[in-house]
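> Before I ask anything, here is the structure I am working with.
The values are calculated or read from the model by the stated rules, or taken from the named source; none is laboratory data. Just so it is clear, the model here is predicted, and its values are computed rather than measured. Ideal geometry is used to build each Cβ from the backbone, glycine not excepted, and the neighbour counts take in all protein chains shown.
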Amino acid sequence: MKVKEYFKAGLWTENPVLIQFLGLCPALAITTTTLNAFTMGLCLTLVLIGSNVLIALLRRLIPHHVRIIFYVLIISGLVSLVEMILSTFFNDLYNALGIFVPLIAANGILLARAETFASKNKVLPGLLDGVAMGCGFTIVLVLVGLIREVVGSGTIFGYTLFGGISPLSVFALPAGGFLTLGLLAAAAQFFRNRAKRGSHDGTV
Amino acid sequence: MSSVSGKPGIEILRISVTLIALAVVVAVVLGAVHALTAPVAARLEEQRLSETLNGLIEGAAVIEETEGFEPSITTGNVQVPVKTVYVAEDAAGAVLGYCVEVLPFGYEDVIDMIVAVNAGGAVCGVEIISHSETPGSGAKIESDEDFRQSVYGLDDTASAVKSDSAGKGEVQVISGATVSSTAYINGVNAAIEVVNRLEQEVSN
Amino acid sequence: MEQFDLGTIIAFAIGAILVENIVLSRLFGCGSFFGLTRKKETAVGMGILLIAIMGLSSLFTYCVYQWVLVPFQLEYLRTMAFMLLIALLVQLAEMVIKKYLPALYHMLGIYLPLMAGNCAVLGVCLSSIERNYNLASSVLYAVFSAVGFLLVAWVFTLVRDRIEENDNIPKSFQGFPITLIAAALLAFGFMGFSGVQI
């Protein structure tokens, strides 16, 4: 597969959040500010790259029947690493993300990619898949975070807009998280339907 | 890759050995990283704390932890845990004030705040260490300077009120953030109470 | 929670089930929530299973944390230890269900092993540690949170049935998008419980 195809899959056709419905917990919970959303996306991407690469490297050594335990071991080990580095050197971000940093270990994307891709491919494809899926995840999170922060808190990256008024506070609440993701998913579906209709019209 | 030998016992042994080997490797790596980052993290943490404490009570030569305070104070029908109490003394050893770290429960989770009370028993500063309040509403306890400083000068338990004209012993809550504001006020009340009891003990 | 009279336990339960609902407030377990609420039987089955798994994992993770990790100053290994414990428990549960409740096993399909990758269980176990709950509080918190999950999952199946019957949903919203928005409304409703301090 060419690099472009990895990214097309990760960002669009097989987007982990909008198409595969994975990683919903952080997409809804941590997206109250754009910075938090981006940090979470970055952390997950790093762990995903690490886990894909390691699992691809070790795929012949991992016994098939109990492979899940092995995946969990590798993934949670990487997450613990990220936890330690984040809490030491980026303490403010670590506190902002709170319990959702260790919760990356429970993120469906990591296990799904391990099972579907990394265990069946070599290291380089695993790496590319990790980057692409991670980007897809991050983009969705950042978009949700941007909307929720601007509309819900009236700030962007911490800078106050609208003179300190929150346009629609509900967007900063959990209900708003569901709402924003729902609207984003609808928009994505709209474009996808249009593309499908376009390709159908092309063939008579 | 699957073994051909018929004995399931050997298979289980092989799996266990691989699993334990991997677990050991992961644990060792994490242990090494921890050994490297823990001292750095501790040093940065101490720096942050000392900056905060010195910022709250100026001109203090020594700020130390003290004991003999109650682990939790009941105020306004709510229990507020008291985590640490620091005593600030000047170069001559006279008490300048106290910094009380309290953990009132806000809307989402615990609010970690340090309340500085001077030797006269009046609040002279509040610093919010961490909170999980809702951005755009509850989080205003941190960003709304007027509210945060509205408790300065209090020397006795204050009650949270909604009306604009807050009298003596009353603090107006942030509109739309009643729960978070009340938690903040409870935290301040608890700190005042802790200091009162400590001063009583000293004078006894 | 210091005293264990019925009143405190009920207050604790209301907190975990309604005020701080695990799905609609804390936003844990969304994957299972959306994946397994198409049919009432599946949702209820998973909810009950979750109660059992949450109860057991909170018990084991608490013990491992307090009796192994803390004494040896290995707190930084908690994520790994908890995830392994939970994965093992889920694997065990899968074997037990496959043998004794094959109908449920077929209904849950791929989502049973995916419960190991479920924020809910790990999230609740980590929360209990963060909040310094004792053993009883941790287990009760986990069990009540799972009850809260069961409650909203069941309610959500009813909502989704209504959505299925509706023919007027715009094409862009059909499927996942409208389901999310329905969840938003449900979350909105539960906001009415927030700030309740008993």
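> If I ask for residues that are without any contact (Cβ under 8 Å) to a residue 24 or more places away in the chain, among the aromatic types (F, W, Y) and more than 24 Å from A:A9 (Cα to Cα), which ones from the stretch A:140-196 would you list?
Scanning the stretch A:140-196 gives A:Y159, A:F162.
> Scanning for something without any contact (Cβ under 8 Å) to a residue 24 or more places away in the chain and within 14 Å of chain A (Cβ to nearest Cβ), does the stretch B:50-59 turn up at least one residue?
Keep residues of the stretch B:50-59 that are without any contact (Cβ under 8 Å) to a residue 24 or more places away in the chain, which gives B:50-51, B:54, B:58.
Still in the list and also within 14 Å of chain A (Cβ to nearest Cβ): B:51.
Checked against the condition, which is being without any contact (Cβ under 8 Å) to a residue 24 or more places away in the chain and within 14 Å of chain A (Cβ to nearest Cβ), the stretch B:50-59 yields at least one hit.
Conditions tested, residue by residue: (1) modelled with pLDDT of 90 or more; (2) more than 30 Å from B:I63 (Cβ to Cβ); (3) not charged (D, E, K, R).
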position: B:M1; (1), (2), (3): no, yes, yes
position: B:V4; (1), (2), (3): no, yes, yes
position: B:P8; (1), (2), (3): no, yes, yes
position: B:R14; (1), (2), (3): no, yes, no
position: B:V29; (1), (2), (3): yes, yes, yes
position: B:A32; (1), (2), (3): yes, yes, yes
position: B:V40; (1), (2), (3): yes, no, yes
position: B:R43; (1), (2), (3): yes, no, no
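> Quick one: is C:T79 within 13 Å of another protein chain (Cβ to nearest Cβ) and in contact with a Pro (Cβ under 6 Å, 6 or more places away or on another chain)? Quick ask: steps written out before the conclusion?
Values: within 13 Å of another protein chain (Cβ to nearest Cβ): yes; in contact with a Pro (Cβ under 6 Å, 6 or more places away or on another chain): yes.
Yes: the conditions hold for C:T79.
> Criterion first (within 16 Å of the chain's Cα centre (by Cα) and at the interface with another protein chain (Cβ under 9 Å from one of its Cβ atoms)) does A:N107 satisfy it? Spell out how you get there, then give the answer.
Working: within 16 Å of the chain's Cα centre (by Cα): yes; at the interface with another protein chain (Cβ under 9 Å from one of its Cβ atoms): yes.
Criteria met by A:N107.
> Residues of the stretch B:162-195 being under 25 Å from A:A172 (Cα atoms) and assigned to a strand (DSSP E or B), which ones?
Initial filter on the stretch B:162-195 (under 25 Å from A:A172 (Cα atoms)): B:162, B:172-187.
B:Q172, the sole residue that qualifies.
> Is it the case that the stretch A:90-101 has a residue that's in contact with a Gly (Cβ under 9 Å, 6 or more places away or on another chain) and free of Cβ contacts under 8 Å to residues at least 12 places away in the same chain? Spell out the reasoning first.
The initial filter retains those residues of the stretch A:90-101 that are in contact with a Gly (Cβ under 9 Å, 6 or more places away or on another chain), namely A:99-100.
In the following step, the residues that additionally are free of Cβ contacts under 8 Å to residues at least 12 places away in the same chain were identified as A:99.
Scanning the stretch A:90-101 turns up at least one residue that is in contact with a Gly (Cβ under 9 Å, 6 or more places away or on another chain) and free of Cβ contacts under 8 Å to residues at least 12 places away in the same chain.
> Would you pick out the residues in the stretch A:60-78 that are modelled with pLDDT of 85 or more and more than 7 Å from every other protein chain (Cβ to nearest Cβ)?
A:I62, A:R67, A:Y71, A:I74, A:I75, A:L78
> While we're looking at this one, here's another question. Select from the stretch B:130-169 the residues that are touching a helix residue (DSSP H, G or I) at 6+ places or on another chain (Cβ under 9 Å) and of a type in the set (F, W, Y) and list them in ascending order.
Result: B:F147, single match.
> List every residue pair whose Cβ atoms lie under 6 Å apart, where the two residues are 6 or more positions apart in sequence or sit on different chains, the first residue falls within the stretch C:165-183 and is under 16 Å from C:T37 (Cβ atoms), and the second residue, located anywhere, is part of a helix (DSSP H, G or I) and aromatic (F, W, Y).
C:L180/A:F178; C:A183/A:F178
> Restricting attention to the stretch A:30-78, which residues are in a loop (DSSP other than H, G, I, E, B) and either in contact (Cβ under 8 Å) with a residue 60 or more places away in the chain or crowded, with 24+ Cβ neighbours inside 10 Å (or both)?
A:I30, A:T31, A:T32, A:T33, A:R59
> Is it the case that the stretch C:95-105 has a residue that's in a helix (DSSP H, G or I), on the phi < 0 side of the Ramachandran plot and within 16 Å of the chain's Cα centre (by Cα)? Lay out the reasoning, then the answer.
Kept after step one, since they are in a helix (DSSP H, G or I), are these residues of the stretch C:95-105: C:95-100, C:102-105.
This time we only want the ones that are on the phi < 0 side of the Ramachandran plot, so: C:95-100, C:102-105.
In the following step, the residues that additionally are within 16 Å of the chain's Cα centre (by Cα) were identified as none.
The answer is no; no qualifying residue exists.
Here's the yes/no breakdown for (1) outside any loop (DSSP other than H, G, I, E, B); (2) free of Cβ contacts under 8 Å to residues at least 40 places away in the same chain:
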position: B:V82; (1), (2): yes, no
position: B:V87; (1), (2): yes, yes
position: B:V117; (1), (2): yes, no
position: B:E127; (1), (2): yes, no
position: B:G138; (1), (2): no, no
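> Would you be able to say whether some residue in the stretch A:79-93 is assigned to a helix (DSSP H, G or I), crowded, with 19+ Cβ neighbours inside 10 Å, away from chain B (no Cβ under 14 Å) and not acidic (D, E)?
no
> Looking for something in contact with a Gly (Cβ under 7 Å, 6 or more places away or on another chain), buried (at least 19 other Cβ atoms within 10 Å of the Cβ) and in contact (Cβ under 8 Å) with a residue 40 or more places away in the chain - is there at least one such residue anywhere in the stretch C:46-66?
Taking the stretch C:46-66 first, the residues in contact with a Gly (Cβ under 7 Å, 6 or more places away or on another chain) are none.
No, the stretch C:46-66 contains no residue that is in contact with a Gly (Cβ under 7 Å, 6 or more places away or on another chain), buried (at least 19 other Cβ atoms within 10 Å of the Cβ) and in contact (Cβ under 8 Å) with a residue 40 or more places away in the chain.
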